[in-house]
Amino acid sequence: ISFGAEYAHPIESLFANFIPTVFGAQRCAAHPLQFAIWIVWRLLETYEGHSGYAFHDTFLYRIGLTNADDALFHDFHHSRNTGNYSPMFFDALFGTDQAWLKSRKESNG
């Protein structure tokens with residue numbers, strides 16, 4: 001169940017979720033509405049990534065309003081334990097997504 005992604009040890013919640021989220025918003029002087037939208041988007045991304053479903057053939061996916069690839073990315077992270085240490089952006093930035101990219105290329109032919 002994707003809502004299970006919210007469960008974490010209190011120390012993990014503090015250092016991996018709460019501090020980065022609040023510190024980033026404070027550092028950027030985010031407006032409360034911006035912060036609320038950011039939180040909603042991150043929760044949707046988290047729930048969809050942990051859902052195990054990747055709905056690629058939907059209208060919302062075609063216009064960029066889903067995170068269908070996150071579920072595949074997350075499943076790869078748990079099945080291979082190679083790369084995929086953070087959100088896709090950071091893995092691309094630091095080059096830790098090479099095994100993921102190779103796997104996607106092989107599966108797409």
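The values are calculated or read from the model by the stated rules, or taken from the named source; none is laboratory data. Treat the numbers as computed from the prediction; the structure is a model and nothing was measured. So basically every Cβ, Gly included, is an ideal-geometry build from the backbone, and we count neighbours across all protein chains shown. We work out accessible area using only protein heavy atoms, side chains counted, and drop any ligands, DNA or RNA first. Shrake-Rupley method; radii C 1.70, N 1.55, O 1.52, S 1.80 Å.
Order Asp69, Asp97, Asp75, most accessible first, counting only protein heavy atoms with a 1.4 angstrom probe.
Asp75, Asp69, Asp97
In the context of the full protein assembly, Leu14 retains an accessible surface of approximately 70 Å², using a probe radius of 1.4 Å and ignoring ligands and nucleic acids. Contact order, relative form, for the chain: 19 percent (alpha carbon pairs under 8 Å, 6 or more residues apart, mean separation divided by residue count).
Measuring with a 1.4 angstrom probe and ignoring ligands and nucleic acids, His50 comes out at about 80 Å² accessible. The magnitude of the dipole of the chain, with charges of +1 and -1 set on the Cβ of Lys/Arg and Asp/Glu and taken from the Cα centre, is near 220 debye. Segment Leu44..Lys102, full-extension length gain: 18.2 nm, with 0.36 nm per residue of separation and the alpha-carbon distance subtracted. Between Ala29, Ala68, Ala54, the GNM of the chain built on Cα springs shorter than 10 angstrom shows Ala29 fluctuating the most.
Given the options Pro87, Leu14, Ala29, identify the residue whose Cα lies farthest towards the positive end of the charge dipole of the chain (+1 on Cβ of Lys, Arg; -1 on Cβ of Asp, Glu). So the residue furthest toward the plus end is Ala29.
In terms of accessible area, using a 1.4 Å probe and ignoring ligands and nucleic acids, Glu6, Glu106, Glu45 rank largest first as Glu106, Glu6, Glu45. Taking the longest Cα principal axis of the chain as reference, the axis of helix 68-80 is set at about 80 degrees. Enter the accessible area of Ser13 (Å², nearest 10), with the probe set to 1.4 Å and all protein chains included. We get 40 Å² for Ser13.
Per residue, the chain reaches -17500 deg cm²/dmol at 222 nm when only DSSP H runs of four or more residues are counted, each adding -39500 (n - 2.57). Calculate how steeply helix 98-108 sits against the longest principal axis of the alpha-carbon atoms of the chain, using the helix alpha-carbon long axis, and give the answer as 0 to 90 degrees to the nearest 10. Approximately 50 degrees, to the nearest 10. Percent of Cα pairs in the chain per distance bin of 5 Å, from zero to the largest separation: 2, 11, 15, 22, 22, 16, 8, 3, 1, 0.
For region 27-41, the residues whose backbone nitrogen is under 18 Å from a point 7 Å from the Cα of Ile63, taken along Cα to Cβ, are 41.
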